[in-house]
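Everything below concerns the one structure shown next.
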Amino acid sequence: MTDVRPVPDDDAIRYQGQNLSLRTRGSDEDDGPAQASSVADSDRYEEHAAPPAEEQDALQDGMLPRDVPQRTTFYDPVAERQMTQTDAKLFFQRSKIDGRGGGGASWTQSTPHGSPVMVSGSRPATEYGADSLILDHDGGRNPSTLSLYCRRGGHEGAEPSSRAREQQHFPTAAGQPSRPSTRTSQTGLYDAKLVAEPTVGLSNSSLFDTEPHITAELSAISKNIQKILDVRRKYVALSSQGPDDNPRDGPEWDIYPPPPEPAWTQSRAGHTEFPDQHLQSSPRAGGQPSAKRPARRRKPGQDVGEDFDMDDLVPLPADDGMTFKLDESGVYQVFENGDTLAPAIQVPTIREFYMDLDNILTVSSDGPSKSFAFRRLQYLEGKFNLYVLLNEYQETADSKKVPHRDFYNVRKVDTHVHHSACMNQKHLLRFIKSKMKKHPNEVVLFRDGKHLTLAEVFSSINLTAYDLSIDTLDMHAHTDSFHRFDKFNLKYNPIGESRLRTIFLKTDNFIHGRYLAEITKEVISDLESSKYQMVEWRISIYGKSIDEWDKLAAWVVDNKLFSHNVRWLIQIPRLYDVYKASGLMETFEQIVRNVFQPLFEVTKDPSSHPKLHVFLQRVIGFDSVDDESKVERRLFKKFPVPKVWDTKQNPPYSYWIYYLFSNMASLNYWRRKRGFNTFVLRPHCGEAGDSEHLAVAVLGCHSISHGLLLRKVPLLQYVFYLEQIGIAMSPLSNNALFLAYERNPFHQYFRRGLNVSLSTDDPLQFAFTKEPLIEEYAVAAQIYKLSPVDMCELAKNSVKQSGYEASIKRQWLGPNFDKPGKEGNKMVKTNVPDRREEFRYHTLLQERDVLRRYVTYEVNDELAGDLVPSAEPAGSGPTQAGSALAKPEHSEAAAAALAMAAGTQPKANREAARPSDAMADLHLSGSDPRMFPGIFTRDQRSGSLRNLTQAGDWPVDSSETPGEEDYM
């Protein structure tokens, strides 16, 4: 056995004119104590530490005490002055050590402090490509572990295996397994269950090597971030917006009309993987059987809506006896029965909402917190760039091995597109010309006391069918709409005439939206013919009258606008000031009542609004739309409740979102209890205006659209990453309205690992082709140089962000789509290599683990570790340090901290047991680098020579069999 001697503590190395003595490993033949070898007998190393008097000299020359540079987390004035000289000494001393090593590691085999050691895999370069990140397929190891085949070697046949060295010098702490455990259930998009997760190969003390007051500051920052995450999780859970909260995702949910049967099956077993595909035999929500429902099948792209019949859905569920009431604060409350006084669910008051929002804004504007988040985001971006450099060719090779699947036939969802602009200009022009030629005498409008035919409408504007062209329509928003949202809204009017918009692009008009339904069916036919493109159309409920919901539902049901490729979101324009000025309403409470009362009525008794009940089964959630760049003046110190908001001032964005959130929370509780589908909140957010909108989204929204302003708020961007909040981005739309394409942060978000997808927003205004979503991907691929794997990953993100049923997502992505990493990826369906999924997942785990370690850090941790006797067993660690961590607000994290504390060793032993920092900084093998690379304290600089020597003692050799820790 090779005797690896512990390196003495920093205090044991003296530089006061004495020889620099470093302990090295003994030879294979020497089983006794290793003799300490003098590495540099003739070289004297003087440590020129700054004397205390030097700090006092800073007050000379009239300098005030407040002007003296202070040491912070990111800046050390003493280190700044000494860095150049110290680095020169280290390089010189290193060259001396390497020159005298003789048979040890050479310069080419070791790396400077903090540099990653990466070598090519054990397989030939012709198979995987040079310097590829090789995934371990050994059945004996955890398949979800991202591994880099790094070999440690010394003298041939003498160095023990990495696994043996791990067992000898790094015993696993209680509750801290050496490999990540496989998750059996997923409670969120990569839900942070780091208490149950291991440390993913991170060194136990590498994060806390800085001075205590610096680590304490980082701990305070991390705790503030953790508070934001905890508050968001509370609001999301309360409003039933989590991934497991929607009854629609259950195996018993019945989709009607049913989706088409899969066209291709690889084997007989392929049918058994998707039991949900024969959905006609499943029971309906509410317990009604559907086995006798007649099967209506149609060819995709033809006879849109003919597979739907309202009679197939009767009888509808009955009244369940629960009641609801609009309270004094403008929130609908649900009660178990008419006699109950306490609401069934406690919704946060508007005061609590704004207090939580203020806390988020305070943290997001804190200087050190912004610096912390910015540096972590920069690290994430650099880590992905390094991953791409090492794995680009291997990912391409993996994609080529997948049969049939490529970017064009992976499912992709347009997660943000407005229904009234879902067609391109050429399509709308053809439709208008067709109606003018075939039905010129059809009455389409009632205005000024008389009925007007289509021909009379066009004659009033002196146009004929022959005169119409794309230029005449003038609906493209590419030149004159930049930062002019008012002009952009006018682009919805063909030829600049609002009457044509009413005729062709409205659901509630004289002809009951028949023209819009016809062109909608044509767009649906095109989508079904393409097969792999899905949409989530956003259609408006204005809140002007209480019967809007029934009219919209009747338009969808009567025109049979049901398709496997289409789901709906309800967008609510923030137009109270317009309604108030026109005299339509007196208070904001009328909007709340008009938007939500019909939804509570149909939830209580579906037979009261049968068409609305059927339509809501295809509705995903709510959106809030308007010009975000409008100035929001706070007229009130405390915002009034809706029933007394009677001013002409429009409520701010946060006020609108709160009342959408609070009423949706009550509604979702009731619908979930009844087995009906629930809704999510996915508003327009961060396109322009105040960054407060993003803080509101963090607090209570499922996902957002646009998110451009996240580039200016790094802390909120970091929170979006940690929580994997979905962002539906539309670079072409932003290019025309608010931000030039080359400045769009979409690609930066993608590289950093945020959950982004591409969407079209308004094809009528921005698109030129028949397939606007493919056009969006194509432009992004050209400008940002996206690889096919990148585009397939974006397509997969869009499906996971969408509101499609879980059974549909299983058919599109694989049976375990809701599991993270390689385990949830089925490459034959997504065309995303397993290595890419593993990289994304483990990077996210490492970031959450870094945050958790700082959250559970206490100033007394180091002191508690020093006081433990060296002979004390590992299982009887310091209980005081563990009890200090047990705080109520972080009970789960405290449990993990107690488990970690159970294996705490004295500081000297921990220093000896810790591997060299060069070996601990293998970025892609699961170990996280130091929190702030390049920032050293004086204690670290004094030990840096020792760390470099240790790196030389453990060179990397690709001929040695990988050990278990190489796969962490």
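The values are calculated or read from the model by the stated rules, or taken from the named source; none is laboratory data. It should be emphasised that the depicted structure is a prediction, and the values quoted were computed from it without experimental measurement. FYI the Cβ positions are ideal-geometry reconstructions off the backbone, even for glycines, and counts take in every protein chain you see. Note: areas computed on protein heavy atoms with side chains; ligands, DNA, RNA excluded. Shrake-Rupley method; radii C 1.70, N 1.55, O 1.52, S 1.80 Å.
Brief remarks follow.
- The number of residues in the range 723-743 being of a type in the set (S, T, N, Q), open to solvent by 10 Å² or more (accessible area, probe 1.4 Å) and within 18 Å of the chain's Cα centre (by Cα) comes to 1.
- Any hit, the range 617-624, residues being of a type in the set (Gly, Ala, Ser), touching a residue at least 12 places away in the same chain (Cβ under 8 Å) and farther than 16 Å from ILE539 by Cα: no
- Within this structure, LYS325 passes the test of being open to solvent by 60 Å² or more (accessible area, probe 1.4 Å), free of Cβ contacts under 8 Å to residues at least 24 places away in the same chain and closer than 30 Å to PHE600 by Cα.
- Strands (runs of 3 or more DSSP E) enclosed by the range 411-508 - at least 1 residues per element that are closer than 30 Å to LYS829 by Cα: 412-418
- Residue in the range 480-500 that is over 19 Å from PHE615 (Cβ atoms), small (Gly, Ala, Ser) and open to solvent by less than 10 Å² (accessible area, probe 1.4 Å) present: yes
- Near pairs, Cβ below 6 angstrom, 6+ apart or cross-chain, from the range 220-238 (free of Cβ contacts under 8 Å to residues at least 24 places away in the same chain) to any residue that is in a helix (DSSP H, G or I) and not hydrophobic (A, V, I, L, M, F, W, C): none
- The range 636-691, residues that are aliphatic (A, V, I, L, M), under 23 Å from ASP358 (Cα atoms) and in a helix (DSSP H, G or I): ILE657, LEU660, MET664, ALA665
- Only one of the numbered conditions (1) closer than 30 Å to LEU716 by Cβ; (2) open to solvent by 20 Å² or more (accessible area, probe 1.4 Å); (3) assigned to a loop (DSSP other than H, G, I, E, B); (4) of a type outside the set (D, E, K, R) is violated by GLY330, and that is (2).
- Residue under evaluation LEU386, criteria (1) open to solvent by less than 10 Å² (accessible area, probe 1.4 Å); (2) closer than 30 Å to ARG835 by Cβ, criterion not met: (1)
- Residue count for the range 434-450 under the criterion of being at pLDDT 90 or above and surrounded by fewer than 12 Cβ atoms within 10 Å (Cβ to Cβ): the result is 3.
- Matching residues in the range 432-476 - criterion: being among the acidic types (Asp, Glu) and out of contact with any strand residue (DSSP E or B) (no Cβ under 8 Å at 6 or more places or on another chain): ASP448, GLU456, ASP467, ASP471, ASP474
- Some residue of the range 782-802 being of a type in the set (Asp, Glu), in contact with a Ser or Thr (Cβ under 9 Å, 6 or more places away or on another chain) and at pLDDT 95 or above: yes
- Residue within the range 793-800 that is over 21 Å from the mean Cα position of the chain (by Cα) and in a helix (DSSP H, G or I) present: no
- Only one of the listed residues (LEU709, LEU699, LEU694, LEU715) is of a type in the set (A, V, I, L, M, F, W, C), touching a Cys at 6+ places or on another chain (Cβ under 8 Å) and closer than 27 Å to LYS370 by Cβ. That residue is LEU694.
- Residues located in the range 745-783, provided they are out of contact with any strand residue (DSSP E or B) (no Cβ under 9 Å at 6 or more places or on another chain), part of a helix (DSSP H, G or I) and among the aliphatic types (A, V, I, L, M): ALA778, VAL779, ALA781, ILE783
- Scanning the range 551-579 for residues that are assigned to a loop (DSSP other than H, G, I, E, B), touching a strand residue (DSSP E or B) at 6+ places or on another chain (Cβ under 9 Å) and surrounded by fewer than 21 Cβ atoms within 10 Å (Cβ to Cβ) yields a single hit, HIS564.
- Qualifying position, being open to solvent by 10 Å² or more (accessible area, probe 1.4 Å) and of a type in the set (Val, Ile, Thr), among VAL799, VAL719, VAL756, VAL713: VAL713
- Listed conditions (1) at pLDDT below 95; (2) in contact with a strand residue (DSSP E or B) (Cβ under 7 Å, 6 or more places away or on another chain) are all met by VAL644, apart from (2).
- Any hit, the range 412-420, residues being under 17 Å from ARG514 (Cα atoms) and out of contact with any Phe, Trp or Tyr (no Cβ under 6 Å at 6 or more places or on another chain): yes
- Residues that are more than 30 Å from LYS637 (Cα to Cα), open to solvent by less than 30 Å² (accessible area, probe 1.4 Å) and of a type in the set (Gly, Ala, Ser), drawn from the range 358-383: ALA373
- Only residues that are within 30 Å of PHE407 (Cβ to Cβ), out of contact with any helix residue (DSSP H, G or I) (no Cβ under 7 Å at 6 or more places or on another chain) and of a type in the set (S, T, N, Q) were counted in the range 497-549, giving 4.
- Taken over the range 509-526, residues that are within 35 Å of the chain's Cα centre (by Cα), open to solvent by 20 Å² or more (accessible area, probe 1.4 Å) and not acidic (Asp, Glu) amount to 2.
- A residue that is over 14 Å from TYR408 (Cα atoms), out of contact with any Ser or Thr (no Cβ under 7 Å at 6 or more places or on another chain), of a type in the set (Phe, Trp, Tyr) and modelled with pLDDT under 95 can be found somewhere in the range 768-778.
- Checklist (1) in contact (Cβ under 8 Å) with a residue 40 or more places away in the chain; (2) in contact with a Phe, Trp or Tyr (Cβ under 9 Å, 6 or more places away or on another chain); (3) surrounded by fewer than 18 Cβ atoms within 10 Å (Cβ to Cβ) applied to ILE470, failing item: (2)
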